[in-house]
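First comes the structure, then the notes that go with it.
The values are calculated or read from the model by the stated rules, or taken from the named source; none is laboratory data. All of these numbers come straight from a predicted model, not from anything done at the bench. Glycine gets a Cβ as well: all are built from the backbone with ideal geometry, and neighbour counts include every protein chain shown. To get the accessible areas, we keep the full protein, side chains included, count just its heavy atoms, and leave off ligands, DNA and RNA. Shrake-Rupley method; radii C 1.70, N 1.55, O 1.52, S 1.80 Å.
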Amino acid sequence: MKKRVLMMFMAIILLVNSSAVMASSTTNKEYTCGDYTYTLRNNKAIITKYKGKDKVVNIPRTLDGYNVVEIGDYAFGNCTKITEVTVPWGVVKIRRLAFWECKNMKKIKLSGTVTYIGDGAFMECNSLESIKICSKATYIGEYAFCECYNLKKITIPKNVRVIREGTFSMCSSLVYVNIPVSVKQIRKNAFEFCPKLKRIYYSGSKTKWDSIACNDSTVKKLGIYYDGKRQATKITKISLSAPSKTVKAGKSITVTAKISPVKATYQTLTWKSSNTNYATVNANGKVTAKKAGKGHTVTITATSKDTGRKKATIKLTIK
């Protein structure tokens, strides 16, 4: 918890300070159109503040006749009444902290023209359940979706090359992530504190995945599905044990198999007795000794079903 609080504090300070620097360098005159304040750059509108109180917000394509191309820094920050937002066609950039702390926003619809999502753009949008990022997007900023507790799945656009620090950290409901072959770097804490995330779908091969510069300790522990399919983790070793090396005729004993690694994909084994006239073994390793086997020894073999075909044996004496 201490680490989590520290990380959030540092992220917010970094992003707020960065926004302040950008804001202080902006000298454009501000205009008001309805619930929106905006500035102009090259006769294009950049929304700087939303002052409305609507729960469902459809951002206009134009303000006073000027095409809206950007959602500026903190433009919708802390608009806690908003539950749904539609970003119109023509908007190219969503700047730093644009929707920070829109805690009740469950849905946001991005147009197909959004190519840039700034640092912390959706940070602490705790109720956000889903978002479809435009396939043309090339930049997703640091901590962009940090602490989006209800976000369950995300597909990284095919033109993104870097998954930045903290981008999806603390997304506690995240279970599905699709990463394109275009990604070359995954930076630290990108998926930190995502307890439900167990695997990642990667559009490339294992060789290409291994070439990614990954500094996220969480990602290194996850299962990877290469080319949309899970790369099978083969059994490398099987060890067999039994409560006793002897079994009375007419009685049963269970042989236990220990598989390495414990996360092997296919853990089902094939069991076989060297002489079924003396003893049989079922699919769970239960050995039943027959009277005809009294005084004899049988070998029980367990074999993996994956392509590695690892084997292990144990000898049992029938009394």
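Annotations for the structure displayed:
- Orientation-averaged projection of the stretch 224-318 equals 6.0 nm² [convex hull of Cα atoms, one quarter of hull surface area].
- Student exercise, the stretch 21-134 dipole from Lys, Arg, Asp, Glu Cβ charges, in Debye to nearest 20: 140
- Cα shape, the stretch 159-231, gyration tensor, a/c 1.5 rule: oblate
- With all projection directions averaged, the alpha carbon convex hull of the stretch 105-144 covers 2.6 nm².
- Between residue 221 and residue 149, the contour length at 0.36 nm per residue exceeds the alpha carbon distance by 23.8 nm.
- Rounded FRET efficiency, nearest 0.05, which uses the C-beta distance separating residue 245 from residue 104 and R0 of 51 Å: 0.20
- For residue 41, nonlocal amide neighbours, meaning residues 5 or more places apart or on other chains whose placed amide H falls under 5 Å from its own, are 46.
- Computed from the C-alpha gyration tensor, the three semi-axes of the ellipsoid equivalent to the stretch 99-168 are 18, 13, 10 Å, from longest to shortest.
- When the C-alpha to C-alpha distance is required to be over 20 Å, the pairs from 196/220; 103/188; 93/153; 188/221; 208/311 that qualify are 103/188; 93/153; 208/311.
- Alpha carbon convex hull of the stretch 134-183, projected area averaged over orientations, nm²: 3.0
- Remark: the stretch 65-136 is approximated by an ellipsoid whose semi-axes, taken from the C-alpha gyration tensor as √(5λ), come to 18, 13, 11 Å, largest first.
- Calculated P(r) of the chain - Cα pairs past 27 Å, %: 56
- Rounded to the nearest angstrom and listed largest first, the equivalent-ellipsoid semi-axes of the stretch 53-105 from its Cα gyration tensor are 19, 13, 8.
- The Kirkwood hydrodynamic radius of the stretch 257-307, based on inverse pair distances between different Cα atoms, is 12.1 Å.
- Accessible solvent surface per residue of the chain, calculated while the other protein chains remain in place, 1.4 angstrom probe, Å²: 52
- With the simple model of a label 7 Å out from the Cα in the direction of the Cβ, residue 135 to residue 67 spans 2.2 nm.
- Computed over the Cα atoms of the stretch 134-255, the ratio of the radius of gyration to the Kirkwood radius (Rg/Rh) comes to 1.25.
- Cα-centre dipole for the chain with unit charges at Cβ (Lys and Arg positive, Asp and Glu negative), debye to 20: 2660
- Accessible surface of the stretch 218-301, 1.4 Å probe, proportion on carbon and sulfur as whole %: 48
- Prolate/oblate/rounded call for the stretch 80-206, Cα gyration tensor, a/c under 1.5 rounded: oblate
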